[in-house]
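Q: Once you've had a glance at the structure underneath, I'll fire off some questions.
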Amino acid sequence: MTLLQVMPVQAPGTILTRTRDTAQITDTLRAHKVSFSRWPVRLKVAPTTNSADLLETYRQDIDTLCAEQGLRLVDVARLHPEDSPQWAERAGTARSKFLEEHRHDEDEVRFFAHGTGCFYLHLDDKVHAVVCEAGDLLSVPAGTKHWFDMGPVPDFAAIRFFEKEDGWVGDFTADPISASFPRLDALVAQD
C-alpha cells in the first residue's frame, strides 16, 4: 500500500506523520496542491510486457486524464532487473540522477502500473515522502522541488504524462537536501 511520511526539513529523523490511509494521504497532499488518487490495477506487468500493451490496457483512463488536464504526450518509464545485461548500470545511473532535488516547468504526472518508487516533495519546511505502488496516480505541480528514489533494485513501470516534449527535463537546484533523508528501502523497512 501507498505510504506517506512527513519529516521536517531541519530534522529528517523526526517523523511528523506516517500513514498508509488513502484518505489521509489524499487530504494531506491536496493541502499543497498535489493530487493523489488510485486507478484499478488492470494488468500484471512482467518484464516481457511491452509498453504498447500497457498503454492500451489503461487507454480509457489515459484519454480521460489527458482531456481533463491538457496533457498531450504519454510514455512509459520502466526498469526491471531482467530487462538486459546492462540493467545494473542503467538502474544505478538513473537512480543517482533523480536522487538530486529538482523541479519541472510543468506538472509531473505519473501512474504506477507496477512496482514501487518514492517521490520526496520539498514543501515549505517539510519533506513529504510518498511511496507509490501499483495503482497510484500522483500529480506534482510545476515548480515543486522534489526528488525521486526508485530503490537499490529498481523494478517499476510508470506511465508518464506531459504537456510538452521536454516536460520531463529537470531543473536541478544543487541543494544537497536529499542526502539527509531516508531512502526508499529504509522507509519501507520500518514496517
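The values are calculated or read from the model by the stated rules, or taken from the named source; none is laboratory data. Quick caveat: nothing in here was measured; it's all calculated off a predicted structure. When we count neighbours, we look across all protein chains shown, and the Cβ atoms used for this are built from the backbone with ideal geometry, even at glycine.
Q: Among the residues of segment 89-111, is any part of a loop (DSSP other than H, G, I, E, B), among the basic types (Lys, Arg) and in contact (Cβ under 8 Å) with a residue 60 or more places away in the chain?
A: Within segment 89-111, none of the residues are part of a loop (DSSP other than H, G, I, E, B), among the basic types (Lys, Arg) and in contact (Cβ under 8 Å) with a residue 60 or more places away in the chain.
Q: Can you name every residue in segment 131-158 that is touching a helix residue (DSSP H, G or I) at 6+ places or on another chain (Cβ under 7 Å) and not aromatic (Phe, Trp, Tyr)?
A: Those that are touching a helix residue (DSSP H, G or I) at 6+ places or on another chain (Cβ under 7 Å) and not aromatic (Phe, Trp, Tyr): Val131, Asp149, Met150, Gly151, Pro152, Pro154, Ala157.
Q: Looking only at segment 36-58, how many residues end up being over 13 Å from Ala113 (Cα atoms) and buried (at least 16 other Cβ atoms within 10 Å of the Cβ)?
A: Total meeting the criteria: 1.
Q: Sticking with this structure for a sec: Would you confirm, using the coordinates I've provided, whether Val169 is more than 21 Å from Arg38 (Cα to Cα) and either touching a residue at least 40 places away in the same chain (Cβ under 8 Å) or assigned to a helix (DSSP H, G or I) (or both)?
A: yes
Q: So, Thr49, is that one farther than 27 Å from Phe181 by Cα, in a loop (DSSP other than H, G, I, E, B) and out of contact with any Gly (no Cβ under 8 Å at 6 or more places or on another chain) or not?
A: Considered against the rule, which asks whether it is farther than 27 Å from Phe181 by Cα, in a loop (DSSP other than H, G, I, E, B) and out of contact with any Gly (no Cβ under 8 Å at 6 or more places or on another chain), Thr49 comes out as yes.
Q: Which numbered condition in (1) part of a loop (DSSP other than H, G, I, E, B); (2) at pLDDT below 95; (3) touching a helix residue (DSSP H, G or I) at 6+ places or on another chain (Cβ under 9 Å) is the only one that Arg78 fails?
A: Going through (1) part of a loop (DSSP other than H, G, I, E, B); (2) at pLDDT below 95; (3) touching a helix residue (DSSP H, G or I) at 6+ places or on another chain (Cβ under 9 Å) one by one, Arg78 breaks only (1).
Q: Would you please name the residue that is farthest from Gly115 (Cα to Cα), looking only at residues in segment 25-35 that are loosely packed, with under 15 Cβ neighbours inside 10 Å and without any contact (Cβ under 8 Å) to a residue 12 or more places away in the chain?
A: Across segment 25-35, the extreme among qualifying residues is Ala31.
Q: How many of the residues in segment 121-154 are crowded, with 21+ Cβ neighbours inside 10 Å and among the charged types (D, E, K, R)?
A: Final tally of qualifying residues: 2.
Q: Could you list, in sequence order, the residues of segment 28-44 that are within 21 Å of Pro141 (Cβ to Cβ) and within 18 Å of the chain's Cα centre (by Cα)?
A: Thr28, Leu29, Arg30, His32, Lys33, Val34, Ser35, Phe36, Ser37, Arg38, Trp39, listed by residue number.
Q: Restricting attention to segment 26-75, which residues are at pLDDT 95 or above and of a type in the set (Val, Ile, Thr)?
A: Residues satisfying the conditions are Thr26, Thr28, Val34, Val41, Thr57, Ile62, Thr64, Val74.
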